[in-house]
Structures are given as C-alpha cells and as structure tokens.
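A.B. asks: Got a structure here, written out as structure tokens. Questions coming.
The values are calculated or read from the model by the stated rules, or taken from the named source; none is laboratory data. Since we're looking at a predicted model, the values are computed, not measured. For neighbour counting, all protein chains shown are included, and Cβ atoms are generated from backbone atoms with ideal geometry for every residue, glycine included.
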Amino acid sequence: MTIQFKERDYSEKSAAWLEQSGTHPVLAKLFAARGVEKPEELLLELKNLIPPAQLKNCESAAKYLADAIEAGKKLLIVADYDCDGATACAVGLKGLRALGAPWNINIDYFVPNRFTLGYGLTPEVVDLVSGLPDKPDILITVDNGIASVAGVERAQQLGIEVLVTDHHLPADQLPKAAWIVNPNQPDCTFPSKALAGVGVMFYLLIALRAEFRARGAFTAETQPRLENLLDLVALGTVADVASLDRNNRILVSNGIKRIKSGQMQAGIRALYIAAGKDPNRASSFDLGFTLGPRLNAAGRLADMSLGIQCLISDSPEDALRLAHELDRMNRERRTIEAGMQETALASLVDIQVGDQATLCMANETWHQGVIGIVASRLKEKFHRPTLIFAPGEESGQAVLKGSGRSIQGFHLRDALDLVSKKHPDLILKFGGHAMAAGLTIEEDSFEEFKACFEEVAQRLMTPEVLQRQLAHDGRLDPVFIDPELGTMLANEVWGQGFPAPVFVGEFEVLTQTLIQEKHLRVQLKAINSNGSSHPKSFNGIWFSRNATLPNPARLAYRVVTDHYQGVARAQLHIEALDDPL
C-alpha cells in the first residue's frame, strides 16, 4: 500500500511567539504544529497540573477515604491486568500506605485472573474477595469499574462499599458506587479527558493528602512525598497510549526526570536492568516499548500480581529477580505472538484487504492473552481496524474473547456500540476507547459478528480514512541537522497526541549497504530547496528494510544523536520513501 505524505498544519503566529520567547526555531514550529499556542504552555512543572478540585467527586472521594482510614476500615484495591492497571495499583498501594501510616492502614490488592474471571469488578470477583480471611469493607477499583454495574450491586448485597477510579468511557448506566472518580463520566468538566487510570489514582492521592493536611494530620513539611510515585505514573500513562495533552506531559516529563536522576522505584530500575537499558537516558519510548511490554507480559500470560510485586518491592534484589522473570515471560509472549501472526498472515494470503474495511479473525489455537498485540501488528501492516478473537470461558460458557485496534478516523468503541444497538444479542459485552477495545461474543456468533462489523465500518469510513498517511513536519533546513538538535528532540516528551517529529527532505544517495541482510545503512547528501547540493553529508539507517533506495530519494526521517567512540553525531532514522509508484 502506498503512503500518502501529509504535512502537519501549524500556526505561524504561534511558532513566531514561541521562538521570540527563546524556544529553538525548529522546536517552535514543532510545538505549534502540536497545538501549543503560548510559551507558558511549555512550562511543565508540577504546580501547573490541573487542580484535583476540577475532577468530579475527587475531593468528596478523598474525604470518604480519609474517614475510612481513620475508622480503621479494611481496603482492597481491585486492579486491572495491563500496565496501566498494574501501575495504578502500585501507586494506590504505595500512596495509601504512606498517607495511612499514622492509622496503621489495612490495605491489600487483588488482580482478577483475566482468563477465568474476565475484566473488571464482576460479581464473581466480588464473591471471591468477600470470602477472603480479611473480608474488605471497601473495594477501590483502579483502571476499571465504570462498567461494573452488576459487580457493584453484588458488593452492596454483601455489605461491601465500592469506590470506582477509572478513565474508560462509561456505558448508558453507571454503577451505584459510593463514589466514581473518572474524567470521562457524565458532567465531569475536568479539562483533560486523557488521564490514564494511574493518573486518576494519583489525583485521588493528591486530594487525600490535602484532606489530611486540612485535618491536621500532616503539614507541608511532614506530608508524604507523592511526587516519588511519578515514575510509575509516567510508565502507566505512556504504556496505555494515553494522549499526551499538557496535563499528561507534566506527569510524564516529571516522571522521566526522576528516572534520569536516579530517583525511581526499585522495580523501575530493575526493569531497566533486565532490559539492558540505561535509565540515565530514559525516554517515553523506553516506557512504551521496553518497560511496558515486560509488565504486560505477566497479565497476558499468567498473573499481573508478578508485575505489581515488582513495582511495589522496596528490595532491589527481589525487584531484579521479578524483573528477570517478567523479561523471560516477555520473550515467551513474543514467541507465541509470532506464531499467531504467521497463522493470521497465512489466512490472509488470498484476501484482497483493499476490498474490505476491517479485519476480523479467530482461531481455536490462539492465546487470548496475546490477541491485542496481534491485532495491533495486523492493524499496522494492513491499515485496517482489526479484531482478533481467541477461545475463552465466561460463567462456565465457552465464548470468544476479542481484542481490537483501530486507525485514525474510526472510533472502535462507538462502532461496537452501533453493532450492539443494531443486533442487541450479538455482543455479550464490550468496552474500550476510540483506538482500542475488547469484547466477548458467543462461540457460534463469529461469522455473523464479522459481517455486521464490516457493514458498520463500510458505512462509517471514507476512502480517505482507509488511505495510509504519514504525517510529517515538512522540510528541515540541513543546517539544523546536528547532534544538538537530536539531543534536544530526545529530551522532549513525545507520544500519543504529541507525536515525535518526522521531517521530509530530498537526498542524493551516496552509498547504501545492507547490514545483516535486513537493515539498510546509507550515506546521504541533502538537496537544498533550490535544487543545489548541501555541503554536509549524513549517515542514515532504515531498520527492517532490505531494498535499496532510488537516487535521488525523497525520504521521511527522524533526527537522532548517535554516540560513536565518544563522539556525538547526527544520524537520520528513515521512516518512509515518498514513492508515487
């Protein structure tokens, strides 16, 4: 499939204002293209966070928790089994233990087994935790609960109260919990709807600390330092692909700063060591593609308790042992994923994907813990909303569990909602976001669902949405391609909603060599906008490409700083070739 290059729009007025305020001219244009209008929007100190008072029910829920802690009630965090859920659980445990220490707080956590208990606070989960030797008085959900109507009702029947902290989109009916803290619930005017589950939990802790200060339990000098948890908040936010609006960039940038300065949880340090990465050079890329997958591997293949134990451990030795086990599980996950991808691609050999708007596949041998990753890989390969199903069980009934990933311009959860409304008995349950969703259907409903989903997608999507596009930041004057720029770009926080910069330029290809038969190394000379050759030449690499480039070539690339024998030099990481043929 050809890629359509599309330059990002930006406000020249905003870029000029940013540059006049002292921002590097290249960064000024990049920030303006990502919606930054004023210099003060680049200030990412913690004092610039949106106050918890603006998050609906946050302060009321904090008062409720403060009363419960002072009364010695037993608290149980009910976590989710992905990285956001694990970090939200770890932040909740560490933060509540610190804030509740004067009252010898009684708190623990529970992670439902995704394969036997399903997602969220189900009645089965409530029955299970109510039978624990230390029956909880209050359940606190993290990264789940907004859809747990039946689970909350069951808890009330058993005399257990529920506090929901979540960020997922609500259904038509809300659970009758004691309190719900979720920026996406009705009538919540919190300006940042992009908070991850771990961000919501962190906000509740900030409000709880303020409540205890007001009650005289702490002073500004003696209160627990919740900023120590920002490395976990950053990891969960990035790994959950939450949009990096200003509020999330404040959380993530401060978390990364702490990691770089060595102020991190033992578990975060251990995950870096197990991955062979240097935390002193931490970036949002590391969090999303190095640490996140290792934590997620536990939830996908076994029990996320392993990941949570790693994150909350205060012992470097224990944390490292757990991190190595997570690393082993991640390698196992990659092996399973590769086999599933191979099967899926073999099934698509005879399909002209261009004729359909979606990909929807099931296989009785597939592992439900890895279907989301496979959906993501196939979505990237074919640029189609993709749903992958694997066999599962729910309340003793054989079902198909599906996980989906979408493309820009197609809201996956809303599409599933449409299918559900048109065919009320087809989907047993579903939930998610615009770009990712999960669902459960009956075993024999796959073909019917596949047809209905395709029908809805055909109606909703335009040919433009189905055309793969590469958004870029235009031409970069070769004079700016240097190690300083690469370092500046590496020090910024990029991610979902605030994408890493990609530039486009014309180059004369001086040399090109294959490395290990799979990576293309090139030496390039930039061609100026007037057609003349720029005197500087640059080293470049295109990972996982074994075909040579035409000469000259119009390329999309990133600027990175490469360190070779102690010398810093600019290197171009090539993303795509603008080849109309």
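A.B. asks: Whether any residue in the range 26-38 is of a type outside the set (S, T, N, Q), under 30 Å from Arg225 (Cβ atoms) and surrounded by 14 or more Cβ atoms within 10 Å (Cβ to Cβ) is what I want to check.
C.D. replies: yes
A.B. asks: If you don't mind, there's one more thing I want to ask. Those residues that are more than 16 Å from Val479 (Cα to Cα), modelled with pLDDT under 95 and not small (Gly, Ala, Ser), I need them from the range 555-574; list them, please.
C.D. replies: Hits for the range 555-574 are Asp562, His563, Tyr564, Gln565, Val567.
A.B. asks: Can you pull out the residues in the range 468-481 that are part of a loop (DSSP other than H, G, I, E, B) and more than 24 Å from the chain's Cα centre (by Cα)?
C.D. replies: Gly474, Arg475, Leu476, Asp477, Ile481
A.B. asks: While we're looking at this one, here's another question. Out of all the residues in the range 549-560, is one or more in a strand (DSSP E or B), among the hydroxyl-bearing types (Ser, Thr, Tyr), in the same structural domain as Ala500 (by TED's automatic domain parsing) and under 28 Å from the mean Cα position of the chain (by Cα)?
C.D. replies: So far as the range 549-560 goes, yes, one or more of its residues are in a strand (DSSP E or B), among the hydroxyl-bearing types (Ser, Thr, Tyr), in the same structural domain as Ala500 (by TED's automatic domain parsing) and under 28 Å from the mean Cα position of the chain (by Cα).
A.B. asks: Additional query: Please give the helices (runs of 4 or more DSSP H) falling wholly within the range 9-103 in which 3 or more residues are closer than 28 Å to Ser313 by Cα.
C.D. replies: Filter on the range 9-103 gives 58-70, 83-99.
A.B. asks: Quick one: would you say Gln263 is in contact with a Lys or Arg (Cβ under 8 Å, 6 or more places away or on another chain), assigned by TED's automatic domain parsing to the domain that holds Pro102 and not in a helix (DSSP H, G or I)?
C.D. replies: Answer is no for this residue.
A.B. asks: Another question, if that's okay. Filter the range 218-258 for residues that are closer than 15 Å to Ile268 by Cα and among the hydrophobic types (A, V, I, L, M, F, W, C) and give the result.
C.D. replies: Leu229, Leu230, Leu232, Val233, Ala234, Leu235, Val238, Ala239, Val252, Ile256
A.B. asks: To continue, here is another question. Look at the range 265-299 and say how many of its residues are within 28 Å of Ala390 (Cα to Cα), in contact with a helix residue (DSSP H, G or I) (Cβ under 6 Å, 6 or more places away or on another chain) and of a type outside the set (A, V, I, L, M, F, W, C).
C.D. replies: Going through the range 265-299 one residue at a time, the tally reaches 6.
A.B. asks: For the range 215-231, what are the residues that are of a type in the set (A, V, I, L, M) and within 16 Å of Pro51 (Cα to Cα)?
C.D. replies: Leu226
A.B. asks: Let me ask you something else. Just one of (1) in contact with a Ser or Thr (Cβ under 8 Å, 6 or more places away or on another chain); (2) closer than 27 Å to Gly432 by Cβ; (3) among the hydrophobic types (A, V, I, L, M, F, W, C); (4) outside the structural domain of Ser403 (by TED's automatic domain parsing) trips up Cys310, so point out which.
C.D. replies: (1)
A.B. asks: Would you check if there is a residue in the range 357-364 being without any contact (Cβ under 8 Å) to a residue 60 or more places away in the chain, among the hydroxyl-bearing types (Ser, Thr, Tyr) and either buried (at least 21 other Cβ atoms within 10 Å of the Cβ) or not in a helix (DSSP H, G or I) (or both)?
C.D. replies: no
A.B. asks: Check whether at least one residue in the range 449-463 is touching a residue at least 60 places away in the same chain (Cβ under 8 Å), over 30 Å from Leu235 (Cα atoms) and exposed (fewer than 15 other Cβ atoms within 10 Å of the Cβ), and report yes or no.
C.D. replies: Yes, the range 449-463 has at least one match.
A.B. asks: What's the number of the only condition in (1) at pLDDT below 95; (2) crowded, with 16+ Cβ neighbours inside 10 Å that Gln4 fails to meet?
C.D. replies: (2)
A.B. asks: Follow-up. Quick test for you: out of Ala234, Ala274, Ala270, pick the one residue that is under 17 Å from the mean Cα position of the chain (by Cα) and either assigned to a helix (DSSP H, G or I) or within 18 Å of Met201 (Cα to Cα) (or both).
C.D. replies: Exactly one residue qualifies, and that residue is Ala234.
A.B. asks: Please enumerate the residues belonging to the range 563-580 that are in contact (Cβ under 8 Å) with a residue 60 or more places away in the chain and over 20 Å from Lys6 (Cα atoms).
C.D. replies: Listed by number, the residues that qualify are Ala568, Arg569, Ala570, Gln571.
A.B. asks: Check off (1) modelled with pLDDT of 95 or more; (2) in a helix (DSSP H, G or I) for Ser420 and give me the number that stays unchecked.
C.D. replies: Failed condition: (1).
A.B. asks: Return yes or no: is Gly95 in contact with a strand residue (DSSP E or B) (Cβ under 7 Å, 6 or more places away or on another chain) and either touching a residue at least 24 places away in the same chain (Cβ under 8 Å) or aliphatic (A, V, I, L, M) (or both)?
C.D. replies: Considered against the rule, which asks whether it is in contact with a strand residue (DSSP E or B) (Cβ under 7 Å, 6 or more places away or on another chain) and either touching a residue at least 24 places away in the same chain (Cβ under 8 Å) or aliphatic (A, V, I, L, M) (or both), Gly95 comes out as no.
A.B. asks: When Lys518 is evaluated against the numbered criteria (1) modelled with pLDDT of 95 or more; (2) under 28 Å from Arg281 (Cα atoms); (3) not acidic (Asp, Glu), which criterion, by number, is the only one it fails?
C.D. replies: Here Lys518 meets the rest and fails (1).
A.B. asks: Given the residues Thr2, Thr116, Thr87, which is the only one that is in contact (Cβ under 8 Å) with a residue 40 or more places away in the chain, polar (S, T, N, Q) and more than 30 Å from Val493 (Cα to Cα)?
C.D. replies: Exactly one residue qualifies, and that residue is Thr116.
A.B. asks: Still on this model: Hey, can you tell me all the residues within the range 107-133 that are assigned to a loop (DSSP other than H, G, I, E, B), at negative phi and touching a helix residue (DSSP H, G or I) at 6+ places or on another chain (Cβ under 7 Å)?
C.D. replies: Val111, Pro112, Arg114, Leu117, Leu121, Thr122
A.B. asks: Right, something else. Could you figure out which of (1) modelled with pLDDT of 95 or more; (2) assigned to a strand (DSSP E or B) isn't true of Asp318?
C.D. replies: Exception for Asp318: condition (2).
A.B. asks: Could you tell me which numbered condition Gly199 fails, if it satisfies all but one of (1) outside the structural domain of Thr87 (by TED's automatic domain parsing); (2) of a type in the set (Gly, Ala, Ser); (3) touching a helix residue (DSSP H, G or I) at 6+ places or on another chain (Cβ under 7 Å)?
C.D. replies: (1)
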